[in-house]
1. Only residues that are crowded, with 20+ Cβ neighbours inside 10 Å and either within 14 Å of another protein chain (Cβ to nearest Cβ) or in a strand (DSSP E or B) (or both): list them for the stretch B:57-69, please.
2. Out of the residues in the stretch B:5-56 that are β-branched (Val, Ile, Thr) and within 14 Å of another protein chain (Cβ to nearest Cβ), state the one that is surrounded by the fewest Cβ atoms within 10 Å (Cβ to Cβ).
3. Is it the case that A:THR269 is more than 14 Å from chain B (Cβ to nearest Cβ) and of a type outside the set (A, V, I, L, M, F, W, C)?
4. Please indicate, with yes or no, whether at least one residue in the stretch B:22-29 is without any contact (Cβ under 8 Å) to a residue 24 or more places away in the chain and farther than 23 Å from B:LEU81 by Cα.
5. Test B:GLY142 against the stated conditions and say whether it is in contact (Cβ under 8 Å) with a residue 24 or more places away in the chain, over 18 Å from the mean Cα position of the chain (by Cα) and either in the same structural domain as B:ILE102 (by TED's automatic domain parsing) or open to solvent by 60 Å² or more (accessible area, probe 1.4 Å) (or both).
6. Restricting attention to the stretch B:145-153, does a residue exist that is in a loop (DSSP other than H, G, I, E, B) and not assigned by TED's automatic domain parsing to the domain that holds B:VAL193?
7. Can you tell me how many residues within the stretch B:95-133 are within 11 Å of chain A (Cβ to nearest Cβ) and surrounded by fewer than 16 Cβ atoms within 10 Å (Cβ to Cβ)?
8. Between B:VAL192, B:VAL184, B:VAL209, which is within 15 Å of B:ALA150 (Cα to Cα) and surrounded by 15 or more Cβ atoms within 10 Å (Cβ to Cβ)?
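The values are calculated or read from the model by the stated rules, or taken from the named source; none is laboratory data. Note that this is a predicted model, so its numbers are computed, not measured. With ideal geometry, Cβ positions are generated from the backbone for all residues, glycine too; neighbour counts draw on all protein chains shown. Note: areas computed on protein heavy atoms with side chains; ligands, DNA, RNA excluded. Shrake-Rupley method; radii C 1.70, N 1.55, O 1.52, S 1.80 Å.
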Amino acid sequence: MTAACNGTGGIVAAVIIGLALLVVVPLVVDPIFLIELTSYVILAILALSLGLIWGYGGILCFGQSAFFGIGAYAYAIAVINMGDSTIPLILSIVVPALFAALLGYFLFYARITDVYFGVITLTVTLILYKLMGTTSGSAYTIGNAAIGGYNGIPAIPPLNLPGSPTTFLSLDGLFYAAGLTLLAVYVGLRLMLKSRFGQVVVAIRENERRAELLGYDARFYKLAAFTIGGGIAGLAGCLFANWGMFISPDVFGLAQSAQVIIWVIVGGTGTLLGPIVGCFLVQWIATQLGTQQVLNANLVLGTILIGFVLLVPKGITPTVLDLIERTCQRRSYAKPLVEKRSVS
Amino acid sequence: MSAECVLETRGLEKRFGGVVAISSVDFNLKQRELRCLIGPNGAGKSTFFKMLTAQIKPTTGQILFEGVEITKAQPHQVSQLGIGIKNQVPDVFNNLTVRENISVAARSRHGKARAAAIASEVTERLGLTGLVGRLVGELAHGQRQWVELAMVVALEPKLILLDEPAAGMTADETNRTAELIREVNKTAAIVVVEHDMQFIKQIAHTVTVFHQGRVLVEDTMENIQGNELVREIYLGKADDD
């Protein structure tokens with residue numbers, strides 16, 4: 001069991017399960033819920049990006065939503081001007097990745113420590129929130145795209161087949177596109193973490209000084225991981241702009257920034273499955289709470305978060321994996337326990 | 001300095017505010033030399049090591065490694081040039097397995113195949129084969145020291161700095177450490193900071209005594225033991241134990 005969670009076997013299993021869910025889920029859930037579910041899938045990509053840089057890189061970024069929002073705005077502005085969505089899609093990854101690289105360069109090379117890093121990244125996203133809010137009026141247009149201040153950009157054209165601007169992605173299609181993207185990002189990150197680069201990033205999280213004394217430039221590796229995380233968050237932003245066909249400065253807001261962190265805490269840091277599970281669970285609970293009038297939704301969500309931090313501090317996924325592992329261990333006591341942890 | 005020289009410091013000095021931790025240290029180490037540093041607590045030995053590996057920057061003075069000035073280098077650059085260090089407190093990756101710890105070290109300066117060969121050789125040489133799947137954080141203190149030693153050896157450095165390598169080890173483990181040091185010394189220069197005089201006698205030719213941030217005396221182990229001044233500041237106290 002534990003061996004199956006590891007290595008190539010685990011990745012193949014993840015692909016099969018992921019594809020199976022993609023095929024089966026639209027057949028069994030009602031269409032309205034499928035739209036809801038599509039947003040969970042998109043936000044899970046955002047959660048994965050923080051799962052990478054916080055869970056594996058040890059970098060607590062409180063402003064992951066900044067890259068999400070920049071990706072969304074980059075896509076929206078570019079696609080309104082270009083019509084064809086191919087280049088805007090690429091821009092939605094490249095622009096936030098470059099922004100992350102620039103921001104990260106100053107922070108990592110100045111050796112800003114953890115707490116300050118969190119404060120600065122939070123400030124950056126809040127600055128972007130205010131900044132985008134001031135862009136109402138006809139003076140603030142880029143080409144044909146009016147940025148629209150706090151009203152945001154409405155009627156964003158959806159993704160189309162590359163080279164064929166008239167073949168748009170339907171809402172059902174977006175579910176498959178988002179699902180495949182989530183799966184691709186997950187598998188890509190699994191492979192990356194198995195590589196030398198991934199191992200070094202984890203080693204730096206464990207002990208930065210030791211990694212440097214072994215000859216690795218921690219600043220560079222952290223910057224690279226941070227940039228990749230920024231690109232992934234931007235891609236999620238692009239899909240999110242597609243989902244609502246609308247984007248506003250709220251994506252940079254405090255609520256959005258905090259939410260990403262909550263998903264990762266609930267799902268569990270140090271795994272890739274955790275942030276996905278956390279995102280789905282918290283978003284689902286939030287939706288369910290929204291349908292009733294008895295209790296204040298935020299109050300209940302807050303209680304759940306406090307409960308998690310106190311009772312399940314490692315998050316759902318690591319706790320469940322530990323339980324499975326312990327059960328396996330008891331059953332096959334004679335077997336030596338090699339490859340104890342799993343990168344899930 | 002001559003080509004023979006692997007490490008040289010000139011007028012090295014470190015002040016923390018008003019406290020002078022290291023003052024005008026001129027230190028020379030030949031290729032494949034094995035040197036011990038001794039001195040009472042606070043003599044500046046660890047500070048000296050940290051400056052050699054760029055963990056802290058000297059206030060004034062120069063550090064040269066194989067004739068190249070590394071005074072202003074970054075820690076990873078110093079490591080890439082070929083200096084490996086084991087810090088005083090076990091400095092390892094606690095949540096990674098023994099295998100992963102050693103392989104990360106071996107991959108630093110070598111390609112995949114060569115690194116795998118070095119990693120398995122070092123693992124066997126240090127008797128860690130039975131522990132490869134264990135998390136380093138779960139190991140005993142002595143075993144963690146060995147993992148760190150293995151990581152340093154896996155780098156294949158030209159100069160190895162060992163800050164109290166035998167601390168917390170059993171007599172048997174200490175003997176094995178001494179053996180290992182002599183073996184690694186065939187290919188690398190080594191500087192060892194230790195308090196265990198038996199251990200130093202096992203390995204050292206030349207001993208440098210630090211006292212209050214300065215080099216007090218530099219001589220063979222026999223002469224050092226006979227030196228009145230050294231006995232007074234250091235060995236004398238040890239004899240009282």
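1. Just the residues of the stretch B:57-69 that are crowded, with 20+ Cβ neighbours inside 10 Å, to begin with: B:58, B:63, B:65.
Passing the criteria: B:ILE63, B:PHE65.
2. If we filter the stretch B:5-56 for residues that are β-branched (Val, Ile, Thr), which is where we start, we get B:6, B:9, B:19-20, B:22, B:25, B:38, B:47, B:53, B:56.
Now restrict to residues that are within 14 Å of another protein chain (Cβ to nearest Cβ): B:53, B:56.
On the way: B:THR53: 22, B:ILE56: 17.
Only one residue fits best here, namely B:ILE56.
3. On the way: more than 14 Å from chain B (Cβ to nearest Cβ): no; of a type outside the set (A, V, I, L, M, F, W, C): yes.
So A:THR269 does not fit the description; no.
4. No, every residue in the stretch B:22-29 fails to be without any contact (Cβ under 8 Å) to a residue 24 or more places away in the chain and farther than 23 Å from B:LEU81 by Cα.
5. On the way: in contact (Cβ under 8 Å) with a residue 24 or more places away in the chain: yes; over 18 Å from the mean Cα position of the chain (by Cα): no; either in the same structural domain as B:ILE102 (by TED's automatic domain parsing) or open to solvent by 60 Å² or more (accessible area, probe 1.4 Å) (or both): yes.
Against the criterion (in contact (Cβ under 8 Å) with a residue 24 or more places away in the chain, over 18 Å from the mean Cα position of the chain (by Cα) and either in the same structural domain as B:ILE102 (by TED's automatic domain parsing) or open to solvent by 60 Å² or more (accessible area, probe 1.4 Å) (or both)), B:GLY142 does not qualify.
6. Let us first name the residues in the stretch B:145-153 that are in a loop (DSSP other than H, G, I, E, B), namely none.
Looking for residues that are in a loop (DSSP other than H, G, I, E, B) and not assigned by TED's automatic domain parsing to the domain that holds B:VAL193, one finds none in the stretch B:145-153, hence no.
7. Qualifying residue count for the region: 4.
8. On the way: B:VAL192 fails: within 15 Å of B:ALA150 (Cα to Cα); B:VAL209 fails: within 15 Å of B:ALA150 (Cα to Cα).
Testing whether each residue is within 15 Å of B:ALA150 (Cα to Cα) and surrounded by 15 or more Cβ atoms within 10 Å (Cβ to Cβ) leaves just B:VAL184.
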